[in-house]
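Nothing in this text is a laboratory measurement; each read-out follows from the coordinates by a stated rule. Keep in mind that this is a model prediction, so the values were computed, not measured. A quick note on method: Cβ atoms are made from the backbone with ideal geometry, for glycine too, and the neighbour counts reach across all protein chains shown.
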């Protein structure tokens with residue numbers, strides 16, 4: 001099994017290197033054609049082409065460095081790659097985020113934000129290796145907003161809507177809009193409000209924010225309630241990435257509404273909604289404030305590391321989450337990303353984490369270790385006060401009103 005795992009990784013890296021080198025050969029010839037295309041279709045597209053080439057080449061260089069390092073390690077150990085597995089460089093320490101790999105794959109200390117961005121890129125690659133890749137333009141389509149039902153809720157209206165997040169998939173969602181916004185009262189801030197595991201519907205925090213003057217959007221999570229997208233047929237490797245994409249397209253929907261302040265949003269959730277908010281914000285820079293309550297701890301500590309929770313179909317390994325995590329059963333330390341790194345990846349944006357002391361799903365001590373690790377990145381940005389942690393005396397899902405109001409105050413400060 002070890003040899004097969006090495007061989008699959010070797011072939012993947014060699015394919016990436018081949019296509020990067022091929023790009024180097026044809027890029028000079030293609031540049032003229034690309035420039036002509038830009039003249040016809042808008043100069044901005046040359047930037048996209050160059051960025052795509054640069055990103056692909058840097059990734060290939062990084063992987064070549066890892067490959068070279070692996071061969072060097074094998075040689076130093078007297079092993080022959082191809083006959084016996086060599087030691088692939090171990091994942092970087094989840095508790096020390098101020099380390100990154102250079103182009104040769106050698107760990108180096110983070111001394112600048114630019115260095116940190118290299119570590120962050122490795123974190124994102126680790127997430128995509130388990131969740132599946134974040135889609136590109138092929139998944140984009142007209143949103144085709146449909147209002148299915150509307151309810152008067154006093155100072156705001158609740159609209160049950162659906163929108164097309166990708167070809168062949170419509171997302172049920174709840175859009176709450178202050179009545180003042182519908183009267184043409186200017187632009188209103190908006191917050192993404194992913195719901196908890198149950199019940200599926202409009203969470204209390206979305207209603208409270210709408211009463212406070214926010215437009216809120218709650219997208220139905222895949223494979224919960226009546227939302228049953230065929231993940232395999234649609235090409236998704238995880239329900240988590242499908243949910244991330246649905247949320248991102250939900251922000252596109254908010255961007256399109258005439259009464260919404262475009263381009264800068266918040267995200268808040270409890271339990272499933274809490275980690276859904278974090279996952280989405282790692283990939284979505286428009287989310288500037290993240291509030292997660294009872295939503296996370298280290299994968300190492302989840303349910304005390306109970307092996308049963310890492311079987312396919314259990315815990316994080318359910319189809320609606322990340323089935324590939326079952327591959328790491330018995331070796332959780334090898335999971336290529338963790339909440340230490342994902343919270344760090346949100347820096348320097350505003351983050352509020354609520355971790356109840358008697359939460360039986362997520363251990364508050366584990367959350368302390370996560371925040372301690374991520375704090376180093378916030379200090380690197382010179383924004384240590386942008387990372388908040390609270391420990392109310394309650395169980396899973398306990399988010400007392402005083403703390404909710406503090407969290408809403410962060411939205412007021414950053415979004416209004």
Item checked: All positions within region 368-398 that are in contact with a helix residue (DSSP H, G or I) (Cβ under 8 Å, 6 or more places away or on another chain) and touching a residue at least 40 places away in the same chain (Cβ under 8 Å) -> 369, 370, 373, 374, 376, 377, 380, 381, 387
Check: When only residues in region 113-127 that are surrounded by 16 or more Cβ atoms within 10 Å (Cβ to Cβ) and in contact (Cβ under 8 Å) with a residue 24 or more places away in the chain count, which is nearest to residue 234 (Cα to Cα)?
Finding: 127
Check: Is at least one residue of region 333-352 more than 26 Å from residue 134 (Cα to Cα) and either in contact with a helix residue (DSSP H, G or I) (Cβ under 8 Å, 6 or more places away or on another chain) or not in a loop (DSSP other than H, G, I, E, B) (or both)?
Finding: no
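From the list 312, 325, which one is touching a helix residue (DSSP H, G or I) at 6+ places or on another chain (Cβ under 6 Å) and either over 28 Å from residue 286 (Cβ atoms) or part of a loop (DSSP other than H, G, I, E, B) (or both)?
Numbers: 325 fails: either over 28 Å from residue 286 (Cβ atoms) or part of a loop (DSSP other than H, G, I, E, B) (or both).
Going through 312, 325 in turn, just one is touching a helix residue (DSSP H, G or I) at 6+ places or on another chain (Cβ under 6 Å) and either over 28 Å from residue 286 (Cβ atoms) or part of a loop (DSSP other than H, G, I, E, B) (or both): 312.
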Notebook entry, point to check: Do the conditions hold for residue 186, that is, is it touching a helix residue (DSSP H, G or I) at 6+ places or on another chain (Cβ under 8 Å), in a loop (DSSP other than H, G, I, E, B) and under 30 Å from residue 413 (Cβ atoms)?
Noted result: no
Margin query: Restricting to region 194-232, and then to whatever is closer than 21 Å to residue 324 by Cβ and in contact (Cβ under 8 Å) with a residue 60 or more places away in the chain, can you tell me which residue is surrounded by the fewest Cβ atoms within 10 Å (Cβ to Cβ)?
Written below: 197
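Matching residues to (1) on the phi < 0 side of the Ramachandran plot; (2) surrounded by 21 or more Cβ atoms within 10 Å (Cβ to Cβ):
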{"position": "235", "(1), (2)": "no, no"}
{"position": "264", "(1), (2)": "yes, no"}
{"position": "268", "(1), (2)": "yes, yes"}
{"position": "271", "(1), (2)": "no, yes"}
{"position": "281", "(1), (2)": "yes, yes"}
Notebook entry, point to check: So how many residues does region 190-240 have that are in contact with a helix residue (DSSP H, G or I) (Cβ under 7 Å, 6 or more places away or on another chain), assigned to a strand (DSSP E or B) and under 23 Å from residue 132 (Cβ atoms)?
Noted result: 2
